[in-house]
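Peer 1: Okay, here's the structure, questions in a sec.
Rule-based calculations on the coordinates, nothing more; no lab input. Quick caveat: nothing in here was measured; it's all calculated off a predicted structure. Cβ sites come from the backbone with ideal geometry, for glycine too, and all protein chains shown count toward neighbours.
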Amino acid sequence: MLREFRDFIVTSSALDLAIGVVIGAAFGRFVDVLVNDVLMQLVAALVGTPDFGAIALPLGQAEIEVGLLVNALINLVLIAFAVFLVIKGVNALRRRTAGLANDADPQDIVLLREIRDALRDAGATPRP
């Protein structure tokens, strides 16, 4: 049974899932810090306070407290923007590294071109 469990962990996607959970938790913490300690402070500088929990709309004798909804909406927008910035940066980095990797032809392509050129110089006609 121990061997079967070891095979399950090593060969199945359980290991990939565990790695994804750990990286997701770290990424979640990064986004939380970016939103709460950077972006919300920018909002606070513009509006005066990062907490909108006290906002209420009077409706006759009652008040509709919409501050928590406003906080949640602002957090949603800021988190989406933070994730967008991170993904945009990762995509730019991928494009840059992919461009470097695609600049040089693989060795087999270079050899095939040399063979083609040698056959052409020898007077052989290549097949279509």
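Peer 1: With a ≥ b ≥ c the root eigenvalues of the C-alpha gyration tensor of the stretch 19-121, is it rounded (a/c under 1.5), prolate (a/b larger than b/c) or oblate? Numbers along the way, then the final one.
Peer 2: Details: a/c = 4.73, a/b = 4.10, b/c = 1.15.
Because a/c hits 1.5 or more and a/b exceeds b/c, the stretch 19-121 counts as prolate.
Peer 1: Taking the Cα atoms only, what angle lies between the long axis of helix 67-102 and the longest principal axis of the chain, rounded to 10 degrees?
Peer 2: Tilt relative to the chain: about 10 degrees.
Peer 1: Of 67, 24, 41, which is farthest along the charge dipole of the stretch 2-121 in the positive direction, counting Lys and Arg as +1 and Asp and Glu as -1 at C-beta?
Peer 2: The one lying farthest along the dipole's positive direction is 24.
Peer 1: So what is the relative contact order of the chain, in percent, for Cα pairs below 8 Å that sit 6 or more residues apart? Before the final figure, lay out each step's value.
Peer 2: Working: 48 pairs, mean separation 18.6, N = 128.
Answer for the chain is 15 percent.
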